[in-house]
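Take a look at the structure below.
The values are calculated or read from the model by the stated rules, or taken from the named source; none is laboratory data. The structure displayed is predicted, hence computed values, not measured ones. Note that each Cβ is placed from the backbone with ideal geometry, even for glycine, and that neighbours are counted across all protein chains shown.
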């Protein structure tokens, strides 16, 4: 299944059905202003065993962290109008210093890049298998 720039389109990928988590569910904070994109990504991640916390704005995301919501991974656009994805990660880490991140970005380079060693960037469009691999990379390989 491929996720494309707005609106997202899905394309089946046979390999995806084998990518199921073997650990307790990881909690992913999905920050996306577009409701349909946020819900589509969220329902896809739930299908693969993730617990999804969604936020329409950066302020909503920070409020989740401020309230003590357990968050393992932030999934957000790299560049936003409000603040950048890396700036949001810095703000979230004030409340939970162990939060990891995956940033979604336009396909500028045509391949997956990393912001830091443990913060992958995922270019649009991407397949669900690529999203799952980026999440796995961000938290250090929690799949079998």
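Annotations for the structure displayed:
- The residue of segment 62-73 that is nearest to residue 140 (Cα to Cα), among those that are surrounded by 19 or more Cβ atoms within 10 Å (Cβ to Cβ), out of contact with any helix residue (DSSP H, G or I) (no Cβ under 6 Å at 6 or more places or on another chain) and without any contact (Cβ under 8 Å) to a residue 60 or more places away in the chain, is 71.
- Residue match in segment 111-122 (condition: under 22 Å from residue 140 (Cα atoms), within 13 Å of the chain's Cα centre (by Cα) and at pLDDT 90 or above): no
- The selection criterion, being in a strand (DSSP E or B), buried (at least 18 other Cβ atoms within 10 Å of the Cβ) and modelled with pLDDT of 85 or more, does not hold for residue 134.
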